Each structure stands twice: as C-alpha cells, then as structure tokens.
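Enquirer: Encoded as structure tokens, here's the structure I'll be asking about.
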Ligand SMILES: *Cc1c(COP(=O)(O)O)cnc(C)c1O
C-alpha cells in the first residue's frame, strides 16, 4: 500500500468519535451456541423474526467479497443504502460548524443534503464543460479543515467515469478521506483495486442499481480496517435487518444472472442512444458508463411535463442542475418502457 505522507487517520477523526465507547450487547460477549437466549428482552414465542439481527453480518460480507474479488470481510461496512455510508463519513470525520468537504458539481444530491444535516460546509467544485474533472480545481478548494473529497464515478447525473490516474493523483496529494462513489460501477467493470493501494480511500457500492434491490436498502463501503471499525462503532447496532440480509444473500446467489442483465441494460442503453439521436428534439446525448442517459433536448421543461402529464412517463428533469441546462436524465428500463419513451418522443410536437 502507498503512503500519502500527510495522511494520519487519527487526526482526521472527530475527537468524540475517537473516544467513543460503542453500545455493546450481551450477545457480543457470548460465544458458542446458547441453550436459552434470555438477554435481549425479545419475544421467544413468535418466530422467525423475533431475534435481533447480526450487528456485523460477516457471513454476508464474505459473500460480497467473493463476488467483488475483495480479500477481507473486515474491511467491508454495510449501511442502510449507500446513503448511510455517505452520512457515516460526516458523522465520523466532520466536526459540525467547523469542517468542510469538497465535491464535484454536478453530482449526487445526497452529499450536499448530508452536509447540511450535519452542519458541514459543502464546497461544490465545477466539472469542466465536457464533464471532466480538474484535479487542480478540486485540490485548490481544500484547506486544513477539509476532511473529505467526494468523487462519483460513473457520475450521476453526467454518466461519465473519472479516469483512474486523475483519481489516483487526488488520493496521492490530499491528506484527508477520498470517497469514490461507484454506485454505477457494476455497469462498466469498475474495480475496487484502489482501496488496496490508498489508505485514505473509501469506495462505495450499492444493491440499488445493477443488483436491482433498491427496496432492501443495502449499501457497501470498502476501506481500511481502521476506517471500517470506526464506521461500525458509530452506526446503529442493528442497522441491517434480517429481511435485508436474506434478500441480499438470495440475489448474491444469482450474481451471474444479475451480471447478464447488467450487460443487457448496457446494450439497451446504447440502442436507446442510437434511437434518441434520430429525434429532432434531441440536441445532444452524453456518453454514459451507467444505466441512464443524460440528453439535452430543445425544451426540457415542456418535454418533461408532457411526458409525465400526458403519457405517465417519469424521467428526471435536470434542467436546473449546474452544467445540465436543457437536460433530462433517462433511466434504461424494460424494453417495453424504452419503446414507449422513444415512440412518445417521436410523436411529440407532431
Ligand atoms: C443511486 C445512487 C446511490 C444509491 O444510494 P442507495 O442509498 O444505496 O440507494 C448512491 N450514489 C449515487 C451516485 C447514486 O446515484
């Protein structure tokens, strides 16, 4: 592993979190098979969900490691969606009213919302007009109270990946935490390798997109053992429910099918881009590494309104988002949904 010479984890962590003694339950202390479980005031007479779930879910983490080719389940954190993983960065590292984070703009809205909730200054640094990331601009926005940089690759809503060498340069030079949100990484073969090279990196993934399980609320953060231990100490003790774990295990058993479907979605995306390019109302289609297309249209507000009110087709209006003027973000759906969108747009304005 490389060593960013200025990176010192214990100096980044909020002092109250460093000193925190986490909640402990009797089951943490007991090893072995219990003959009677009379410690947690559960109802022993109603099954099968009467027991508290496993606080760490190492079995599930092991299966996640196998699928992602990651070596150590102790270096995986599980959150209630990536959203909890994002919030955890603030709660562990950022002192309210004092610290700041730096993020690319435009990007995923939750980084800013979590900053506001935690009373942390959010420094949005514009991407270039072509949606590429300028590492000098990101680093120039940092000061000695910048605890984390949020990078999103492939980025939402622009759809593009950040080149590996640009990310690596930021990790080499920034002495704080670098979050790499790879929510869409399963659509473009992104790897977790950087976590094994850079001690200050947290890579996030989710079951909400390619895995098709937004409803179970399960997100993953891959990082050093030290960072994962801090996250585990701060999270709610039983954040991942038994139902979520069961459904995650069941979809992990179908990983091959899920990967095949992700490839089909990518093919449908590229076919959709070809069809959209033929329409006079479409001015530009941005290249995408994800399961959506960002398209610039002649009149985003009118088309958005028409699609939702007249046709019951919901897309994301990104017209007011920085650098996305005139743009709609369209998720790749079923073949039927995609055909419906194309045919509706063909008829639009006729
Ligand atoms: C959809 C999305 C997520 C997923 O969040 P969950 O809480 O796991 O559903 C995370 N990051 C980005 C950039 C996203 O677009």
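Enquirer: For residue 104, state whether it is under 27 Å from residue 158 (Cβ atoms), touching a strand residue (DSSP E or B) at 6+ places or on another chain (Cβ under 8 Å), within 16 Å of the ligand (Cβ to nearest atom) and modelled with pLDDT of 95 or more. Reasoning before the result, please.
Expert: Details: under 27 Å from residue 158 (Cβ atoms): yes; touching a strand residue (DSSP E or B) at 6+ places or on another chain (Cβ under 8 Å): yes; within 16 Å of the ligand (Cβ to nearest atom): yes; modelled with pLDDT of 95 or more: yes.
Yes.
Enquirer: Among (1) away from the ligand (no atom under 16 Å from the Cβ); (2) touching a residue at least 12 places away in the same chain (Cβ under 8 Å); (3) within 24 Å of residue 225 (Cβ to Cβ), which single condition is residue 89 missing?
Expert: (1)
Enquirer: To continue, here is another question. Go through the range 216-331 and tell me which strands (runs of 3 or more DSSP E), entirely inside it, have 3 or more residues that are more than 20 Å from the chain's Cα centre (by Cα).
Expert: 282-285, 292-297
Enquirer: Among (1) in contact with a strand residue (DSSP E or B) (Cβ under 6 Å, 6 or more places away or on another chain); (2) surrounded by 22 or more Cβ atoms within 10 Å (Cβ to Cβ); (3) within 21 Å of residue 235 (Cβ to Cβ), where does residue 92 come up short?
Expert: The number of the failed condition is (1).
Enquirer: Sticking with this structure for a sec: Go through (1) away from the ligand (no atom under 16 Å from the Cβ); (2) touching a residue at least 40 places away in the same chain (Cβ under 8 Å); (3) in contact with a strand residue (DSSP E or B) (Cβ under 9 Å, 6 or more places away or on another chain); (4) not in a loop (DSSP other than H, G, I, E, B) and name the single condition residue 56 misses.
Expert: (4)
The values are calculated or read from the model by the stated rules, or taken from the named source; none is laboratory data. It should be emphasised that the depicted structure is a prediction, and the values quoted were computed from it without experimental measurement. Note that each Cβ is placed from the backbone with ideal geometry, even for glycine, and that neighbours are counted across all protein chains shown.
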